[in-house]
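This report refers to the structure that appears directly beneath it.
Coordinate-derived values only; no laboratory data. As the structure is a computational prediction, the values presented were derived from the model and not from experiment. Note that we place each Cβ from the backbone using ideal geometry, even for glycine, and neighbour counts take in every protein chain shown.
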Amino acid sequence: MPNVTAIALIPLLPLAGFLLLGLFGRKYFKNSSGIIGTMLLLASTVLALYTAYEYFFVYGKVAGVYEKFVALQLTWLEFSPGVSIDMGLIIDPISVMMLVVVTFISLMVHIYSLGYLKGEERFPTYYSYLGLFTFSMLGLVLASNIFQIYIFWELVGVSSFLLIGYYYDKPSAVAACKKAFIVTRFADLGFLIGILILSFSGGTLDFATLIERLTSPESNEFKTAAASTFLGASALTWGAALVFIGGAGKSAMFPLHIWLPDAMEGPTPVSALIHAATMVVAGVYLVARLFPIFSVAVPGVLEIIGWVGAVSAIIAAIIACTQTDIKRVLAYSTMSQIGFMMFALGVSNYGGEAGLGYTASMFHLFTHAMFKALLFLGAGAVIHYVHSNDMKDMGGLRKFLPITHITFLIACLAIAGVPPFAGFFSKEEILLAAFHNNMAIYWIALITSGITAFYMFRLYFNIFWNKELPSSAKATKGKEGGFAMMMPLVLLAVGAAAAGFIPFGEYVSSDGKALHAHFDLSFSIAPVALGLIGILTAFWLYKKQNDKPTKLATSLGGIYKTVYNKFYIDEIYLFITKKVLFNLIGRPAAWFDKNIVDGLMNLIGNVTEKISEGIKKVQSGKVQQYAIYFLGGVIVLAVLFIYIWK
Amino acid sequence: MQPGLYHILFLSTALFFIGVYGFLTRRNLITMLMSIELILNSVNLNFIAFNKYLWPNQMDGLFFTLFIIAIAAAEAAVAIAIIINLYRSHNSIDVENAEDLKY
């Protein structure tokens, strides 16, 4: 049975860190806050690993199936008997896997930040925000009901907002954090409505009950939900689609991805933790959590998910080829890889062999967390060294940053899908799942993985090769980051290199039964060959400084410009919001508010004021005047009573 | 000629309007108080007259009058106390100086 104390402590320790450092950090822990946060998270990580070991190898497997356990169920908010919002801890393969990922990556980022942000003025604040984020992300992962997941969903949104805006004296960071918050909030509106529809039709908020009721065609709830329709789609379809919109917003799926590249304004370790490895995969996790509903009850929505994922993957990959800010390249790469996870879920079925996409998606989530966090932390080490985000300022850094160079290369090989690195295995599984279910998506994915290899190695060659720096530069620029920054890089590099060998299907599958993936070597030829072509193209274009890339860009002309400007999606949003919404709805509404609503209120106010100005004079303070009014009144009344109202 | 009801009513009405006139025109608070007493006494006269000429067998009007005299005495005491206090603070018993009491 699950060890409730250990599991509950995993999210509570970072929360304690947040409260401690947030309340007293600036006063008492000016210098030690980093150590405190890291120690608490280390304890959390150990507990998460212990829980994972216990779950996967001791009690989790019952009769060959990994069971779902609800380790703790508390009534948090009771409206009336029977109607309440609970807080629970769910333990099943994906939540345990996510526990390990979140705590491990967060620990790496905590350690890394000790070096990266050394000497920052707001060091304790930074660590308290990290604690808040880790707590909310773990709460999201462990949520046992859909409302709890929503609460923590918003909490990670807030902590992401706070961390993107960490450099609050930089206007671009302030704009970026607002943008991220507003775009994800907009998507969360869909999520909330989806929750209301699903829980209303299911009659419960609890995941297990909800899934059970909404996936069996005999249950009353299912019949009612499938029968009530709106605009030609059933309530169930609407609910599931709206929940997915929330997931798409958080996971930066096209067309709600615009916030992610801008979110790179935050400190680089934050980008590694939140905008690469953990928070942005929350959408994937949400779809996986409700996967039985998607795949059994509303396959149409699942197909949409597949296409959204595939389109996001290829668009982001194309944009990534033209960006020059290394963090933005990584941001688009993240979006592309999350697209892979999404469409892997989209092409999956529930149960057995057909559930390969589900396993592949979770597997890719796991390996991606390793190598993408490594890429970001490596990019952080580079930025720390050259004090710039732009590729133009880099080049030939392999001699100056040897450890960063090797680990970055491993991560690039992993994401490019070169065997035997981690990305190869998970991407292969995804492609296999797509191949069996949807050929169109398979081709998109295949091309995308080729482009992925190209842009990653474009990044790699531009940072570490290309221009040769004079060796005298070494003296002026100083050393590579210290032990605190290098240790996470090495650990993550080990993960990125070896995580692929975990027999993931044994532990995580759509129905809990072990899934043995069949690897066909001949199937891997196409993606690996495409990947190598991508790498060689990047080698040819960027190994040495030359004018080939510029020539290529000029020959592509308009296409290059369109891609460089990210397909003008931001501009389209600006046009829609600024020109269309502001002019057609905002301005008229403002006019109405200013002139009609305010005018009415002003009219009432002015009339009252004028009247009272007149009445005020009556109260003069002259007693004799009062007596005259009184006398006059009495005479009038007397006349009335005597002559008129006889 | 025996005085009848109308004579007395004429007297009391005259008294009443003399009182009202005094109350409205005098500036001295003591004079105004005296005017009020005139008004009250005109009312008393009315009571007595009606009692005597319309219901001679009953004593209601008489008792009312006694009550009004008692209350008028109390009222005069209170009014004079107020006037004294006003004099202490404003150094005058002119009604126009008491206008600021409205604030």
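In region A:155-248 the Cα-Cα distances spread across 10 Å bins starting at 0 as 17, 36, 21, 16, 9, 2 percent of all pairs. If you take all C-alpha pairs in region A:7-86, what percent of them are over 22 Å apart? Looking at region A:7-86, the distances longer than 22 Å represent 51 percent of pairs. With Cβ to Cβ distances under 11 Å as the rule, what net charge do the other residues near residue A:70 carry (K, R +1; D, E -1)? The answer is -3. With one equal scatterer per alpha carbon and no solvent term, the Debye-computed log10 I(q)/I(0) for region A:271-409 at 0.15 1/Å reads -0.75. Whole-Hz Karplus values for region A:103-108 come out as 5, 5, 5, 4, 4, 4 Hz, taken residue by residue from phi with 6.51 cos²θ - 1.76 cosθ + 1.60 and θ = phi - 60°; glycine and proline positions read x. Amide H to amide H, with H built 1.01 Å from N, residue A:76 comes under 5 Å of A:85, A:86, A:87, counting only residues 5 or more places away or on other chains. Backbone phi angles across region A:630-635, fed through the Karplus curve with coefficients 6.51, -1.76 and 1.60 (θ = phi - 60°), yield HN-Hα couplings of 4, 4, x, x, 5, 5 Hz in residue order; Gly and Pro are listed as x.
Scanning chain A for GluC sites (Glu not before Pro) that sit in a DSSP loop and have at most 13 other Cβ atoms within 10 Å, the longest stretch containing none of them is A:219-467. Specify the angular offset, from 0 to 90 degrees and rounded to the nearest 10, of the alpha carbon long axis of helix A:521-542 from the longest principal axis of the alpha carbons in chain A. Relative to chain A, helix A:521-542 is tipped by roughly 80 degrees.
How far, in degrees from 0 to 90, does helix B:5-25 lean away from the longest principal axis of the Cα atoms of chain B, to the nearest 10? The two axes meet at around 10 degrees. Cβ-Cβ distance of residue B:69 and residue A:622, R₀ of 35 Å, FRET efficiency by 1/(1 + (r/R0)^6): the value works out to about 0.75. Put a dot 7 Å past the Cα of residue A:636, heading toward its Cβ, do the same for residue B:48, and the two dots end up 3.6 nm apart. For region A:398-467 versus region A:38-114, the inter-centroid distance based on Cα atoms is 30 Å.
Only helices enter this figure: runs of n ≥ 4 DSSP H residues, each worth -39500 (n - 2.57), summed and divided by the residues of chain A, yield -22000 deg cm²/dmol at 222 nm to the nearest 500. Each other residue within a Cβ distance under 13 Å of residue A:20 adds +1 if Lys or Arg and -1 if Asp or Glu, for a net charge of +2. The Kirkwood radius of region B:5-97, taken over pairs of alpha-carbon atoms, gives through the Stokes-Einstein law at 25 °C and 0.890 mPa s a diffusion coefficient of 169 µm² s⁻¹. Ordered from longest to shortest, the equivalent ellipsoid semi-axes for the protein assembly as shown are 83, 32, 27 Å, each the square root of 5 times a Cα gyration tensor eigenvalue.
Working from Cα pairs under 8 Å separated by at least six residues, relative contact order for region A:269-371 is 31 percent.
Extents of region A:196-259, taken as max minus min of Cα coordinates on every principal axis and listed largest first, are 41, 28, 16 Å.
The gain in end-to-end length when the residue A:151 to residue A:62 segment is fully stretched comes to 28.9 nm, 0.36 nm per residue minus the alpha carbon separation.
The dipole here belongs to chain A: it is taken about the Cα centre, uses +1 on the Cβ of Lys and Arg and -1 on the Cβ of Asp and Glu, and is about 2220 debye.
Across all directions of projection, what mean area in square nanometres is found for the Cα convex hull of region A:1-142? For region A:1-142, the mean projected area of the Cα convex hull comes to 9.7 nm².
Extension gain for the segment residue A:83 to residue A:644, taken as residue separation times 0.36 nm less the Cα-Cα distance, is 195.2 nm to one decimal. Remark: region A:450-464, residue by residue, has Karplus-estimated 3J(HN,Hα) of x, 4, 4, 4, 4, 6, 5, 7, 4, 4, 4, 5, 5, 7, 9 Hz, where x stands for each Gly or Pro and the curve is 6.51 cos²θ - 1.76 cosθ + 1.60 at θ = phi - 60°. The alpha carbon convex hull volume per residue for region A:112-217 rounds to 101 Å³. Protection proxy ranking for A:447-457, B:66-76, A:274-284, A:388-398, using the average of other Cβ atoms within 10 Å per residue and placing the highest first: A:274-284, A:447-457, A:388-398, B:66-76.
Please report the net charge: other residues with Cβ closer than 15 Å to the Cβ of residue A:368, K and R +1, D and E -1. Residues close to residue A:368 contribute a combined charge of 0. Highest mobility in the GNM of chain B, judged by mean-square fluctuation with C-alpha springs under 10 Å and restricted to B:46, B:28, B:91, is found for B:91. Separation of region A:184-207 and region A:339-371 by C-alpha centroid, Å? Each part reduced to its Cα centre gives a spacing of 24 Å.
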